[in-house]
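The values are calculated or read from the model by the stated rules, or taken from the named source; none is laboratory data. Small disclaimer: the values here were computed from a predicted structure and weren't measured. No Cβ is skipped: glycine too gets one built from the backbone with ideal geometry, and neighbour counts run over all protein chains shown.
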Amino acid sequence: MKILFIEWASFGNEDIKEAFEAEGHSLFCFPFSNKDGRKDVEIEEALSGVLHRETPDIVFSFNYFPVISQVCRKEAVKYISWIYDSPYVMLYSYTTINPCNVIYVFDKELYMEFHNAGIPTVRYLPMAANTERLDRLTRPQPPRQTYTGSASSLHADSSSSFLYDVSFIGSLYTEQHNFYDRMTGLSDYAKGYLDALMAAQMHVQGYNFIQESLSPIMDDLYKALPMDPNPDGVESREYLYAQYVINRKITGLERTKLLTAVTRHHSLDLFTHDSSFQLPNLRNHGTVDYYDQMPSIFNRSRINLNISLRSIKSGIPLRAFDIMGCGGFLLSNFQADFLDDFIPGEDFVYYESEADLLYKIDHYLTHEEERAAIARNGHDKVAAGHTFRHRVREMLAEL
């Protein structure tokens, strides 16, 4: 099959291209730099020209772009997209229903929202990891041998390969994505309402009620930070404020709260955009490269935390697949989609509260063999059924 790959600065570009080619498909790229993603006459003309000249069987992109869909609809070419961002407002574009589309989302609850609305172009597909590439990067060196007096005392020091006890890679939403703190002039009532709403949500895992709870203060929110639905979209104002403003703020508060709790008991290594964030017992390393540095961190951390963005309803974030794919031990908040493919306590571990998180960190830092077995099981299960090659087969088989 001949595939036109819409290439932009997304995660997973090299992994998915490698997977397509390994599965026997030919691939050529179309550079894409349109930040809006909805309409661009120059891109439309350029893409139409490429489609006429190269006649690909399908067009593929990470994330969904209405401007690509409109050209593919006009040219009668199938457009497959795989969304890894959440939230993703362009999913609510009117163009989503174009019959040329096959749009994959990694969140089953989000998929069901569209399925129940009778929209067949949106489908469910979990994320993946390129375990072959990750294994090449993280293949452990021979363990350090120690000798204590006799031949029978010669043993491997399994702890020598680890650099970090507890690690977290991710945003704290204290930087460019913090829209909440840009709001000005909120009434005392709206501030109190939001404080109570966010505090309540932080105590609930597995269900997000923010969007459905905003109607009483929508006018206040709009005055404090005007946000309007896109002209080609069906998203509501409640969706925009819930997913892009409030859930991000909750995530930032939750991550800061949990990381602070961890540092009261253990050393913590943080890799994030906000290099100014500091806590006692925390080492802030700043940002890391996704391809070259992140795999080693996951592999050489005894415990890797996943604290999901609150706008992800039930899905498994890409971070979790990367951790398991690197052979790292994953300790995550609860996300329902894990239970479809992974066994808690066998392939990964989830926590239910701050106290549970601290208990499980204590437990798995002191139970080396149990922790190593879970990390190994998680890696092997991803390698056996959740690589990019597996996902390519699933996507193309549906055609």
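Okay, here's what the table says:
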| item | result |
| --- | --- |
| Selected residue (criterion: surrounded by the fewest Cβ atoms within 10 Å (Cβ to Cβ)) from residues of the range 49-66 that are touching a helix residue (DSSP H, G or I) at 6+ places or on another chain (Cβ under 6 Å) and closer than 21 Å to residue 231 by Cα | 66 |
| Filter result (touching a helix residue (DSSP H, G or I) at 6+ places or on another chain (Cβ under 8 Å) and either among the aliphatic types (A, V, I, L, M) or at pLDDT below 95 (or both)) within the range 293-304 | 294, 303 |
| Residue in the range 253-271 that is modelled with pLDDT of 95 or more, within 22 Å of residue 84 (Cβ to Cβ) and touching a strand residue (DSSP E or B) at 6+ places or on another chain (Cβ under 7 Å) present | yes |
| Qualifying residue in the range 131-139 (condition: in a strand (DSSP E or B), of a type in the set (D, E, K, R), at pLDDT below 95 and surrounded by fewer than 17 Cβ atoms within 10 Å (Cβ to Cβ)) | no |
| Filter pass, residue 234 being surrounded by fewer than 20 Cβ atoms within 10 Å (Cβ to Cβ), hydrophobic (A, V, I, L, M, F, W, C), under 16 Å from residue 89 (Cβ atoms) and in contact with a helix residue (DSSP H, G or I) (Cβ under 8 Å, 6 or more places away or on another chain) | yes |
| 3 or more residues within 21 Å of residue 139 (Cβ to Cβ): qualifying helices (runs of 4 or more DSSP H) within the range 313-399 | 318-325, 368-385 |
| Test set (1) within 22 Å of residue 247 (Cα to Cα); (2) among the polar types (S, T, N, Q); (3) in contact with a strand residue (DSSP E or B) (Cβ under 9 Å, 6 or more places away or on another chain) - residue 314 fails condition number | (3) |
| Test result for residue 291, under 22 Å from residue 127 (Cα atoms) and surrounded by fewer than 18 Cβ atoms within 10 Å (Cβ to Cβ) | yes |
| Residue check, residue 353 surrounded by fewer than 16 Cβ atoms within 10 Å (Cβ to Cβ) and either of a type in the set (Ser, Thr, Tyr) or not assigned by TED's automatic domain parsing to the domain that holds residue 209 (or both) | yes |
| Checklist (1) surrounded by fewer than 18 Cβ atoms within 10 Å (Cβ to Cβ); (2) in a helix (DSSP H, G or I) applied to residue 249, failing item | (1) |
| Where a residue in the range 204-218 is surrounded by 11 or more Cβ atoms within 10 Å (Cβ to Cβ) and its partner, wherever it lies, is of a type outside the set (Asp, Glu) and assigned to a loop (DSSP other than H, G, I, E, B), with Cβ under 7 Å and at least six apart | 205/334; 206/334; 206/336; 208/310; 208/313 |
| Qualifying residue in the range 112-119 (condition: assigned to a loop (DSSP other than H, G, I, E, B), modelled with pLDDT of 55 or more, touching an Asp or Glu at 6+ places or on another chain (Cβ under 7 Å) and not hydrophobic (A, V, I, L, M, F, W, C)) | no |
| Filter pass, residue 339 being of a type in the set (A, V, I, L, M) and surrounded by 16 or more Cβ atoms within 10 Å (Cβ to Cβ) | no |
| Single residue of the range 175-194 satisfying the filter (surrounded by 17 or more Cβ atoms within 10 Å (Cβ to Cβ) and of a type in the set (Ser, Thr, Tyr)) that is modelled with the highest pLDDT | 193 |
| Flag if residue 315 is under 16 Å from the mean Cα position of the chain (by Cα) and either modelled with pLDDT of 95 or more or under 23 Å from residue 173 (Cα atoms) (or both) | yes |
| Long-range neighbours under 9 Å by Cβ, at least six apart or interchain, first residue within 17 Å of residue 78 (Cα to Cα) within the range 1-17, second surrounded by fewer than 17 Cβ atoms within 10 Å (Cβ to Cβ) and of a type in the set (Phe, Trp, Tyr) | 2/28; 3/28; 4/28; 5/28 |
| Residue within the range 94-102 that is among the aromatic types (Phe, Trp, Tyr), in contact (Cβ under 8 Å) with a residue 12 or more places away in the chain and surrounded by fewer than 18 Cβ atoms within 10 Å (Cβ to Cβ) present | yes |
